[in-house]
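The values are calculated or read from the model by the stated rules, or taken from the named source; none is laboratory data. Note that this is a predicted model, so its numbers are computed, not measured. Positions of Cβ are backbone-derived with ideal geometry, glycine not excepted, and every protein chain shown enters the neighbour counts.
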């Protein structure tokens, strides 16, 4: 259904249309604060004149720096409820994405499921955060809700059509893919049959910039563990909270998402759940934590590197992108399972004196913004050279 409607809609557009801008950036939706949005910010800083095309944009729920960009949205953005809760737009996103025209000679596409299907006029380079989790890793994406509930039922009903649209979007045009981690590279090969090189995302933390304390958090430096995450089932934040319940450990959780109110209401006295922080407050949180705690299944996972910029180690799930960013025993430690008891054991065993802060900061420098931009520009140059040879 989605594929047919997209084909019809594109056929109705004038076949004489030509790219009208040299470079554009495309992204699924700008309605939250996460690692993928940080990548788009890095692209925006590298190419400030490039407009950003996206299905939905809510300036109040994503990074404020996007206010400086020229952002073009799909018609879905006229519906406030969808801007505030993009998951409600799931039945409409394939058509909206497929009909969102990007009239650029070259487009850098940041995609985790939608932007690679935009109607792009010229050549494109797809930076893939992951093939759509809700299609190919739905049990992991839904977490504890995978076995039932409205969300699982709706997704099950839509999955066949969504999968056909997704695979058609990949096959309709020849566009090179870049993976953001080793695990995503394997996933792209398995799902799309594409061999994608890896360009690691950058961390964007400046540890020398001003800091600002967080209201309601009065803990001394080095006395709490830090979780920075979207508050979704597969992020396992609820397990991290249960791990410290009834212990002397303190946990600061920074994030937003569907589980925010539930987690805040059920949090014990040694846990704080906060959201909507600015960068100065985020820097304060990293500077003063004992370690970062990252126990979700991440495609890449930027928080260990943000913590590393401040010399902080990370306790992480031994899976996904963390395998690329953490050196066990040097910049952090792994746990095998995100269960509360496993997390608690890791927190009990943690000793800050086991780590060298300067070595950790040096490790983070290998994932700097300049390295990311240099590698992306290299791939764009090769893309242009290839187009010139055709």
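Does region 45-62 contain at least one residue that is farther than 17 Å from residue 112 by Cα, surrounded by fewer than 18 Cβ atoms within 10 Å (Cβ to Cβ) and at pLDDT below 85?
No, region 45-62 has no match at all.
Only residues in region 55-78 that are assigned by TED's automatic domain parsing to the domain that holds residue 41 count as the first member; pair them with residues that are exposed (fewer than 13 other Cβ atoms within 10 Å of the Cβ) and in a helix (DSSP H, G or I), Cβ under 6 angstrom, at least 6 apart or cross-chain, and list the lot.
The qualifying pairs are 59/67.
Considering only residues that are at pLDDT 95 or above and surrounded by fewer than 17 Cβ atoms within 10 Å (Cβ to Cβ), look in region 246-260 and name the one that is farthest from residue 286 (Cα to Cα).
246
So in region 301-313, with the set limited to residues that are in contact with a strand residue (DSSP E or B) (Cβ under 6 Å, 6 or more places away or on another chain) and assigned to a helix (DSSP H, G or I), which one is surrounded by the fewest Cβ atoms within 10 Å (Cβ to Cβ)?
Filtering first and then ranking leaves 303.
Look at region 186-207 and say how many of its residues are out of contact with any helix residue (DSSP H, G or I) (no Cβ under 9 Å at 6 or more places or on another chain) and within 20 Å of residue 38 (Cβ to Cβ).
0
Can you name the residue in region 315-341 that is free of Cβ contacts under 8 Å to residues at least 60 places away in the same chain and either assigned by TED's automatic domain parsing to the domain that holds residue 182 or not in a loop (DSSP other than H, G, I, E, B) (or both) and is also farthest from residue 241 (Cα to Cα) among such residues? Even if it seems obvious, please write down each step before you answer.
Step one: filter region 315-341 for residues free of Cβ contacts under 8 Å to residues at least 60 places away in the same chain, giving 316, 318, 322, 326-337.
Checking which are either assigned by TED's automatic domain parsing to the domain that holds residue 182 or not in a loop (DSSP other than H, G, I, E, B) (or both) leaves us with 316, 322, 328, 332-335.
Values: 316: 15, 322: 20, 328: 23, 332: 20, 333: 19, 334: 18, 335: 16 Å.
Of everything passing the filter in region 315-341, 328 is farthest from residue 241 (Cα to Cα).
If we scan region 349-366, do we find a residue that is touching a helix residue (DSSP H, G or I) at 6+ places or on another chain (Cβ under 7 Å), closer than 21 Å to residue 39 by Cα and in a loop (DSSP other than H, G, I, E, B)? Show your work before the answer.
Keep residues of region 349-366 that are touching a helix residue (DSSP H, G or I) at 6+ places or on another chain (Cβ under 7 Å), which gives 360-361, 363-364.
Retained after the next criterion (residues that are closer than 21 Å to residue 39 by Cα): 361, 363-364.
Checking which are in a loop (DSSP other than H, G, I, E, B) leaves us with none.
Scanning region 349-366, I find no residue that is touching a helix residue (DSSP H, G or I) at 6+ places or on another chain (Cβ under 7 Å), closer than 21 Å to residue 39 by Cα and in a loop (DSSP other than H, G, I, E, B), so the answer is no.
Hey, does region 233-242 have a residue that's in contact with a helix residue (DSSP H, G or I) (Cβ under 9 Å, 6 or more places away or on another chain), over 30 Å from residue 93 (Cβ atoms), modelled with pLDDT of 95 or more and in a loop (DSSP other than H, G, I, E, B)?
No, the conditions are met nowhere in region 233-242.
Just to be sure before I move on: is residue 91 more than 24 Å from residue 278 (Cα to Cα) and more than 20 Å from the chain's Cα centre (by Cα) in the structure I sent? Show your work before the answer.
On the way: more than 24 Å from residue 278 (Cα to Cα): yes; more than 20 Å from the chain's Cα centre (by Cα): yes.
In short, yes.
In region 274-285, what count of residues is obtained for those that are buried (at least 23 other Cβ atoms within 10 Å of the Cβ) and more than 17 Å from residue 357 (Cβ to Cβ)? Steps first, please.
Taking region 274-285 and keeping what is buried (at least 23 other Cβ atoms within 10 Å of the Cβ), we get 285.
Now narrow it down to the ones that are more than 17 Å from residue 357 (Cβ to Cβ): none.
The total comes to 0.
So which of 209, 189 ends up being part of a loop (DSSP other than H, G, I, E, B) and not assigned by TED's automatic domain parsing to the domain that holds residue 300?
Exactly one of 209, 189 is part of a loop (DSSP other than H, G, I, E, B) and not assigned by TED's automatic domain parsing to the domain that holds residue 300, namely 209.
Kindly provide the set of residues from region 286-300 that are farther than 17 Å from residue 326 by Cα and buried (at least 24 other Cβ atoms within 10 Å of the Cβ), ordered by number.
To start, the set of residues in region 286-300 that are farther than 17 Å from residue 326 by Cα comprises 287-289.
Across region 286-300, the qualifying residue is only 289.
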